[in-house]
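> First the structure, which I've put down as structure tokens, then a few questions once you've had a look.
The values are calculated or read from the model by the stated rules, or taken from the named source; none is laboratory data. Just so it is clear, the model here is predicted, and its values are computed rather than measured. FYI the Cβ positions are ideal-geometry reconstructions off the backbone, even for glycines, and counts take in every protein chain you see.
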Amino acid sequence: MAMRWECFLLGMLAVAVCKHTVATLVTEGVELKVIWPNPRTINMAMANFGVPKYGGTLRGNLVYFSDEARYYKNTSYRCHPRDCRYGCDLHTSSPPIKIDKEPGTAYIMMVDRGPRDSDKVDACYFLDKVYNAQLLGADMVLVADDKEEALTTAVAPDTNDTAIERRNLTASAAMIGKNDADFLREQLGDGKTVLVMVSWAKSIPESNLVSWEYWTGTTDSCGNVCSERVEFTKAIYKQAMKLEQLSLTAFTPRYFLYDCKEGTVNTPECQSNCFSNGRYCAEPSGDYTGKDVLRMNIRAKCLYRQAKAKLNGYVWWEYMARFFEACSMSRGQYNAECAGTVFDTLAKEYDIGTRTEWDQCATGVNETAPTIEILEDDLISQLGNATSPPLAPVLILPTIRINGGQYRGSLEASPVLRALCAAFPDGHEPAVCNEIWVSDDECQGPHGEGYIKCNVGNSNGMTGCINTFKGYQCTCGSGFQMIMNPEAYFEETCKDINECAVSTTPYRESACRCDRCACINNIGSYKCTGPRENQCTPENNYGGCWHGTYENVTFTNCIDTIAEYKQKSYMGILQDNDTWHKCGECPKCFRSISLGCEYLCSPSQVCDVMYNTCIDQQSGGERTPNGGKAPSASVGVHPGLMILVALGAAALTGGVVMATNHIMMKKRMADEIRDIMSSYMPLQEEHARNPPSAAGQGPSSGNRGGYQERIIRPDEDSDEEGRVGAYGWSTGQPAAASAVLKAGAGAVPTLMGASQRAAWAPPTSATAGTAPVPGAGPMFSSPSPSAAAAAPLKPIAPKPTVDAFGGAEDERPQSMAPPAGDADPLLGRQVASSSSSVQKSSGEENPFR
């Protein structure tokens, strides 16, 4: 990296190097989501090495190794000399660390930062931690900070030792904060599985025309950084030119600049490596000074500007590729003449202007001027504070800025192109973005995630997988359904439809519907078995089970299980190799032997199937072969049958007694209730059984068991002479009432009122046979007694009486309300005084129920 400049320039410090040492490199975030078991979103800072999956996602299991036996597989892993959790000595682990990778599943490993501030052991580079984890099978590595602080960007050291690691690194890397790391460790405790997903979907700002800048240089002999720069240019220039030709991108080359530290302008270092009194400086390389590098950078800038004016700015890429090839520092060809040769070659192929124009642009620069326009443009963009809108400064070399955001990752053509593709809106990516070398082919079998999730290998061609830039898409054919997992950012998968369990279609076919038929689910389809023949028959050799004949009777332990077979069919779990019979236990009076079953009864005995014993046919009490005392078979009736008959007779007798007692108790209770009710209200059935005489007299038994021959008063406040108290008429009975009383059994007093207590009222005029005359008298006026005698009243259709034990609400008379404050003699409670209380709301509980 450019930090070597700090050691080389004595007393002089470049702006970028200075800022790198005292300021934090701008972080570019990526999101990690814990899917299981406890969802949580974690922000991370991408490392400036590794291969990030820009625009895509990575789902997988989180793993963590430590000396503590409570993480991966609940096993303690011991590394030497540093704890395994640091990731520095994973290859020394005991037992050896081995990740059990499953096809289609990614693994994200977390390692700790450090160890810092340790006198015993040294810390290792972030790059070493990530590379060691990759060797164990990790697809991404999270470096957990060891103290709570702002996240920073991890960078790879520029040494020969780390060059191989950088070149071979394929895993992604990022840093997470301490609190988030503690949360993840807690989730991983006791060996639990933690499912996470990393998303780079919005890591790069999107636009239809992608603008990007590349900070580079023209030197090729500055160590591994320069070597990577040359290789990157050669690998990407054709695709970069194509994107420019299609007007999909707007590219601008930039050259990294330093400046002299204040007070060092007149030093030899500043004078030989800078223009404009130290404002624009370049790092010297080999035998070439910083001024030599600046002049060559200006030539490259002039070519870009001149070609862009001809709408061929993309030619800069080919110029740089050919320049690195022809004008190498190591061969002493790093000069204007070599650059001119490259220009002349390109001028024959592209319209990039004339050589004269190019030379004038490159040599016409005033190297002592306060500002140099062609370099000032790069410096302003590098610092970022004067751009519109302001951008994060560029602090390291090389750097790529895409739509204002800085790329993080290895300087390789594939991940950089992927980052460019991620800057396009969804569905508008160029065709190159779907090529395998840019985007991972997740549909490639047999281990691609899309290949597995889309069920391509097991669907007989009925499902497919389409590789896309950001992932994959499943195409699910007949017999499959698309399943989307919203918790995993709508992960797609093709799931087989179990028609036997969820559909009636198979059972419309006779081969699946018959009594001995079944349905077997297949991948993407189903099949009907047709009638399954009973295997427990002589024709089928009893299903291969034991069978034998004794006294002309054939026995077998074969059991027909077609019912269970069909039940599996309905559940969708029936398999081709499932059978519909089984060999069970030996029959009664048989015992199991190595070759099948053996009959226990002798020729003089018979088998009692109920007791699974042999009975002697000649005398009772014989010992059976299994040691039991057998019941006698000489008696005509089996003892068991006698017991059953006795139990049945006892049950029948008990039932008759209980039914009789129930009827008698019910009648007695009804009589008691009727007697109680008759004390408070007239009962129609009582009038029917004891009709009153015309004079109102009749025999009386004088006890509660009989019925007195009298007219039942409507309440306890009436006397035998007809004088009515508080609840009747105040001055005696009206004429209509007398007529009613004299009419005998055919005229029953009408019960009026809806309260639980009946109130007396005479029949209406309509029941007397004469219609009332409006205005002829009071409400209770009726025809004269003589008219009543001449035309006796017809019996009034009895209205439903108040049923104190469950009468329906709408069966109660509703014409009169009880007096205010009347106490209910049945309930011992106050009855409402207003007439509105007569009609109870539908929601009020019936107190008699």
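> Surrounded by fewer than 16 Cβ atoms within 10 Å (Cβ to Cβ), assigned by TED's automatic domain parsing to the domain that holds A309 and at negative phi: is that true of I380 in this structure? Lay out the reasoning, then the answer.
Details: surrounded by fewer than 16 Cβ atoms within 10 Å (Cβ to Cβ): yes; assigned by TED's automatic domain parsing to the domain that holds A309: yes; at negative phi: yes.
Yes; evaluated as a whole, the condition is true for this residue.
> Of all residues in segment 309-326, how many are among the charged types (D, E, K, R) and within 53 Å of the chain's Cα centre (by Cα)?
Taking segment 309-326 and keeping what is among the charged types (D, E, K, R), we get 310, 318, 322, 325.
The next check asks that each one be within 53 Å of the chain's Cα centre (by Cα); those that pass are 318.
Of the residues in segment 309-326, 1 are among the charged types (D, E, K, R) and within 53 Å of the chain's Cα centre (by Cα).
> Another one. Here is a check on your reading of the model: is K120 assigned by TED's automatic domain parsing to the domain that holds K53, under 39 Å from the mean Cα position of the chain (by Cα) and in contact (Cβ under 8 Å) with a residue 12 or more places away in the chain? First the steps, then the outcome.
Numbers: assigned by TED's automatic domain parsing to the domain that holds K53: yes; under 39 Å from the mean Cα position of the chain (by Cα): no; in contact (Cβ under 8 Å) with a residue 12 or more places away in the chain: yes.
It is false that K120 is assigned by TED's automatic domain parsing to the domain that holds K53, under 39 Å from the mean Cα position of the chain (by Cα) and in contact (Cβ under 8 Å) with a residue 12 or more places away in the chain.
> Report every pair of residues separated by at least 6 positions or lying on different chains whose Cβ atoms are under 9 Å apart, first residue within segment 561-583 and within 15 Å of E533 (Cα to Cα), second of a type in the set (F, W, Y) and assigned to a helix (DSSP H, G or I).
Close Cβ pairs (under 9 Å, with a partner that is of a type in the set (F, W, Y) and assigned to a helix (DSSP H, G or I)) amount to D578/Y565; T579/Y565; W580/Y565; H581/Y542; H581/Y565.
> Okay, next question. Of all residues in segment 159-191 being surrounded by 15 or more Cβ atoms within 10 Å (Cβ to Cβ) and among the basic types (K, R), which is farthest from the chain's Cα centre (by Cα)? Can you show your working first?
Taking segment 159-191 as the starting set, the residues that turn out to be surrounded by 15 or more Cβ atoms within 10 Å (Cβ to Cβ) are 162-163, 165-166, 169, 171-178, 180-181, 183-185, 187-188.
From what's left, among the basic types (K, R): 166, 178, 185.
Numbers: R166: 39, K178: 29, R185: 23 Å.
Restricting to residues being surrounded by 15 or more Cβ atoms within 10 Å (Cβ to Cβ) and among the basic types (K, R), the top hit is R166.
> Restricted to segment 585-617, and to residues that are of a type outside the set (S, T, Y) and out of contact with any strand residue (DSSP E or B) (no Cβ under 8 Å at 6 or more places or on another chain), which residue is surrounded by the most Cβ atoms within 10 Å (Cβ to Cβ)? It would help to see each step written out before you state the result.
Here is the first cut: in segment 585-617, the residues of a type outside the set (S, T, Y) are 585-591, 593, 595-598, 600-601, 603, 605-610, 612, 614-617.
Applying the additional criterion that residues be out of contact with any strand residue (DSSP E or B) (no Cβ under 8 Å at 6 or more places or on another chain) yields 593, 595, 603, 609-610, 612.
Details: I593: 10, L595: 7, P603: 7, V609: 10, M610: 10, N612: 15.
Ranking the qualifying residues of segment 585-617, first place goes to N612.
> May I pose another question? Specify the residue that is nearest to Y565 (Cα to Cα); the eligible residues are those in segment 582-603 that are within 54 Å of the chain's Cα centre (by Cα), assigned to a loop (DSSP other than H, G, I, E, B) and not polar (S, T, N, Q).
Among residues in segment 582-603 that are within 54 Å of the chain's Cα centre (by Cα), assigned to a loop (DSSP other than H, G, I, E, B) and not polar (S, T, N, Q), the one nearest to Y565 (Cα to Cα) is G584.
> Hey, another quick one. Does R229 satisfy being modelled with pLDDT of 95 or more, crowded, with 21+ Cβ neighbours inside 10 Å and either under 22 Å from L395 (Cα atoms) or not assigned by TED's automatic domain parsing to the domain that holds L127 (or both)? Spell out how you get there, then give the answer.
On the way: modelled with pLDDT of 95 or more: no; crowded, with 21+ Cβ neighbours inside 10 Å: yes; either under 22 Å from L395 (Cα atoms) or not assigned by TED's automatic domain parsing to the domain that holds L127 (or both): yes.
In short, no.
> Does Y237 count as outside any loop (DSSP other than H, G, I, E, B), buried (at least 22 other Cβ atoms within 10 Å of the Cβ) and not hydrophobic (A, V, I, L, M, F, W, C)? Before you say what the answer is, go through the steps one by one.
On the way: outside any loop (DSSP other than H, G, I, E, B): yes; buried (at least 22 other Cβ atoms within 10 Å of the Cβ): no; not hydrophobic (A, V, I, L, M, F, W, C): yes.
Answer is no for this residue.
> Name the residue that is farthest from Q187 (Cα to Cα), counting only residues in segment 67-97 that are surrounded by fewer than 21 Cβ atoms within 10 Å (Cβ to Cβ) and of a type in the set (S, T, Y).
Among residues in segment 67-97 that are surrounded by fewer than 21 Cβ atoms within 10 Å (Cβ to Cβ) and of a type in the set (S, T, Y), the one farthest from Q187 (Cα to Cα) is T92.
> Then there is this: Among V26, V15, which is closer than 25 Å to T152 by Cα, surrounded by fewer than 22 Cβ atoms within 10 Å (Cβ to Cβ), under 38 Å from the mean Cα position of the chain (by Cα) and modelled with pLDDT under 85? Reasoning before the result, please.
Details: V15 fails: under 38 Å from the mean Cα position of the chain (by Cα).
Going through V26, V15 in turn, the sole match is V26.
> Do the conditions hold for S247, that is, is it surrounded by fewer than 16 Cβ atoms within 10 Å (Cβ to Cβ) and either in contact (Cβ under 8 Å) with a residue 40 or more places away in the chain or over 17 Å from M320 (Cα atoms) (or both)?
Working: surrounded by fewer than 16 Cβ atoms within 10 Å (Cβ to Cβ): yes; either in contact (Cβ under 8 Å) with a residue 40 or more places away in the chain or over 17 Å from M320 (Cα atoms) (or both): yes.
Taking the combined requirement at face value, the residue satisfies it.
> Go over the candidates E262, E206, E244 one by one and state the one that is part of a helix (DSSP H, G or I) and either at negative phi or outside the structural domain of I298 (by TED's automatic domain parsing) (or both). Reasoning before the result, please.
Details: E262 fails: part of a helix (DSSP H, G or I); E206 fails: part of a helix (DSSP H, G or I).
Within the list E262, E206, E244, the selection yields E244.
> I'd like to check something: does segment 409-422 contain any residue that is of a type in the set (S, T, Y) and assigned to a helix (DSSP H, G or I)?
Yes, because at least one residue in segment 409-422 is of a type in the set (S, T, Y) and assigned to a helix (DSSP H, G or I).
> Another one. Just checking, does segment 483-491 include any residue being touching a residue at least 12 places away in the same chain (Cβ under 8 Å) and in contact with a Cys (Cβ under 7 Å, 6 or more places away or on another chain)?
Restricting attention to segment 483-491, the residues satisfying the condition of being touching a residue at least 12 places away in the same chain (Cβ under 8 Å) are 483, 487-489, 491.
Within this subset, residues satisfying the condition of being in contact with a Cys (Cβ under 7 Å, 6 or more places away or on another chain) are none.
No, the conditions are met nowhere in segment 483-491.
> I'd like the full set of residues that are in contact with a Cys (Cβ under 7 Å, 6 or more places away or on another chain) and either closer than 17 Å to K53 by Cα or surrounded by fewer than 16 Cβ atoms within 10 Å (Cβ to Cβ) (or both), limited to segment 431-465.
C433, V438, S439, C443, G450
> For the condition closer than 24 Å to C226 by Cβ and among the β-branched types (V, I, T), what is the one hit in I352, I380, I298?
Details: I352 fails: closer than 24 Å to C226 by Cβ; I380 fails: closer than 24 Å to C226 by Cβ.
Going through I352, I380, I298 in turn, the sole match is I298.
> Is it fair to say A106 is more than 17 Å from A181 (Cα to Cα), in contact (Cβ under 8 Å) with a residue 24 or more places away in the chain, in contact with an Asp or Glu (Cβ under 9 Å, 6 or more places away or on another chain) and among the aliphatic types (A, V, I, L, M)? If you could, list the steps in order and put the result at the bottom.
Values: more than 17 Å from A181 (Cα to Cα): yes; in contact (Cβ under 8 Å) with a residue 24 or more places away in the chain: yes; in contact with an Asp or Glu (Cβ under 9 Å, 6 or more places away or on another chain): yes; among the aliphatic types (A, V, I, L, M): yes.
Criteria met by A106.
> Which of the residues that make up segment 261-319 are touching a residue at least 60 places away in the same chain (Cβ under 8 Å) and aromatic (F, W, Y)?
Listed by number, the residues that qualify are F275, Y280, Y288, Y314, W316, W317.
> So is A422 aliphatic (A, V, I, L, M), within 39 Å of the chain's Cα centre (by Cα) and modelled with pLDDT under 95 or not?
Numbers: aliphatic (A, V, I, L, M): yes; within 39 Å of the chain's Cα centre (by Cα): yes; modelled with pLDDT under 95: yes.
It is true that A422 is aliphatic (A, V, I, L, M), within 39 Å of the chain's Cα centre (by Cα) and modelled with pLDDT under 95.
> From the set of residues in segment 89-136 that are among the basic types (K, R) and under 30 Å from V456 (Cβ atoms), which is modelled with the lowest pLDDT? Reasoning before the result, please.
Our first condition is that a residue be among the basic types (K, R); within segment 89-136, this holds for 98, 101, 113, 116, 120, 129.
Pick out the ones that are also under 30 Å from V456 (Cβ atoms) and you get 98, 101.
Numbers: K98: 88, K101: 83.
Across segment 89-136, the extreme among qualifying residues is K101.
One line per residue, one yes/no per condition, for (1) farther than 22 Å from Y288 by Cβ; (2) modelled with pLDDT of 95 or more:
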site: L303; (1), (2): no, yes
site: F323; (1), (2): no, yes
site: S328; (1), (2): no, no
site: R331; (1), (2): no, no
site: V342; (1), (2): no, yes
site: T363; (1), (2): no, no
site: T387; (1), (2): yes, no
site: P393; (1), (2): yes, no
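> Within the set of pairs 6+ apart or on separate chains, which have a first residue in segment 502-518 that is of a type in the set (G, A, S), a second that is exposed (fewer than 14 other Cβ atoms within 10 Å of the Cβ) and not in a loop (DSSP other than H, G, I, E, B), and C-beta atoms under 9 Å apart?
A518/Y570
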